[in-house]
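For reference, the structure is listed below as structure tokens.
The values are calculated or read from the model by the stated rules, or taken from the named source; none is laboratory data. Bear in mind that the values here come from a model prediction, so they are computed numbers and not experimental data. Here Cβ is always computed from backbone atoms with ideal geometry, including for glycine, and neighbour counts include all displayed protein chains. Just so you know, the surface numbers come from the protein's heavy atoms only, side chains and all, with ligands and any DNA or RNA stripped out. Shrake-Rupley method; radii C 1.70, N 1.55, O 1.52, S 1.80 Å.
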Amino acid sequence: MHIAGAVLTGGASRRMGTDKAMVPVGGVAMAARVAAALRAGGCAEVIAIGGDVVALEALGLAVVADRSPGEGPLGGIITALEYTAATTVVVACDLPYLDASTVALLIDTLRNAAANDAPVDVAMASTGRLEPLCAVWNPSALAAMQRAFAGGERAIHRALADLRVATVVVAGSALRNVNTPAELDHDPSIASTGDHGADRVPGMSIREVSIEELETALAGGARLIDVREVDEYQAGHIGGARLVVLSTVPDSLDAFRGEPVPYVVCKSGGRSMRACEFLAAQGIDAINVAGGTMAWVASGRAVVGGDQPT
């Protein structure tokens, strides 16, 4: 599957007072930061939609004119899909802390949906609420969005009414946007951690345990939830683990509520940390398993295959 990337760079930037696409964060223009995350996350080509052509080209970005300038980001997304005619990750330029692992997770969610014969039109990031300016769109979404736009709709969330949407839980730190000069004052360190770790939400402390600690907890009756995809789970999971696929966590909060506090595991700790951060934002306590199923297997501990335990 060919994946394109598009950075929305045509906004008015009224709150910033200057072209925010070019505002440096960590010494790098925000548009360039987002473009780099898109490339590292799996986008074969990255374009900019709208904005200062000369300045953006100086950043190494090919610029496509927004076909509906001044009409909001919905028009920019439509322009991107019309131009690429491909599956496209579209992200606002004011998300400079976006990382490659978040981009890859969006793409993987869309691919896995198709592989499981449940295709979706868009896989959209969520930090407790949908973030429409960080999503991967299938070409199948275009016609409905064009109709909505032609009918006068400008709100992205309302244009989703006729689309199949997959929700992708991501770390809030990856989607912290920068709209004003005051928001530039706090510049947390940035790491592209992939599935080997997770960005931490400032001020949010997530408990973590080692594989050894997990084994002890399971012997004492702890509950364990695996947030990997169905095929990963079926291929081998820690005995007794229940499956709640990461993209379904927002609709499965009851699976995490109550006592004992659940332990959450994935392949190597990244997706499970994202789930724990999302749950913490909903007021639900959960404990991340550092190293994940890979560490469990590497330690010589056994896994079981098949479906959910009865």
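Of the residues that make up the range 110-122, is at least one touching a Ser or Thr at 6+ places or on another chain (Cβ under 6 Å), of a type outside the set (A, V, I, L, M, F, W, C) and in contact (Cβ under 8 Å) with a residue 12 or more places away in the chain? Within the range 110-122, one or more residues are touching a Ser or Thr at 6+ places or on another chain (Cβ under 6 Å), of a type outside the set (A, V, I, L, M, F, W, C) and in contact (Cβ under 8 Å) with a residue 12 or more places away in the chain.
This table checks each residue for (1) within 30 Å of P24 (Cβ to Cβ); (2) at pLDDT 90 or above; (3) touching a helix residue (DSSP H, G or I) at 6+ places or on another chain (Cβ under 7 Å).
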site: T88; (1), (2), (3): yes, yes, yes
site: V103; (1), (2), (3): yes, yes, yes
site: T109; (1), (2), (3): no, yes, yes
site: R129; (1), (2), (3): yes, no, no
site: A161; (1), (2), (3): no, yes, no
site: V178; (1), (2), (3): yes, no, yes
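Taking the criterion of being closer than 23 Å to T248 by Cβ, polar (S, T, N, Q) and in a helix (DSSP H, G or I), the residues of the range 84-121 that qualify are S101, T102, T109, N112.
Can you spot a residue in the range 59-73 that is touching a residue at least 12 places away in the same chain (Cβ under 8 Å), within 20 Å of N177 (Cβ to Cβ) and assigned to a helix (DSSP H, G or I)? Yes, the conditions are met somewhere in the range 59-73.
Note on the range 3-32: among residues that are open to solvent by 50 Å² or more (accessible area, probe 1.4 Å) and basic (K, R), the one that is modelled with the highest pLDDT is R14.
Of everything in the range 104-136 that is of a type in the set (A, V, I, L, M, F, W, C) and farther than 22 Å from Y233 by Cα, the residue that is surrounded by the most Cβ atoms within 10 Å (Cβ to Cβ) is V136.
Among the residues of the range 11-40, the ones that are over 18 Å from A135 (Cβ atoms), part of a helix (DSSP H, G or I) and of a type in the set (G, A, S) come to 3 in all. For V53, the stated conditions hold: it is of a type in the set (A, V, I, L, M), out of contact with any Gly (no Cβ under 6 Å at 6 or more places or on another chain), more than 24 Å from D121 (Cα to Cα) and open to solvent by 10 Å² or more (accessible area, probe 1.4 Å).
Residues of the range 64-86 that are of a type in the set (S, T, Y) and open to solvent by 30 Å² or more (accessible area, probe 1.4 Å): Y83 alone.
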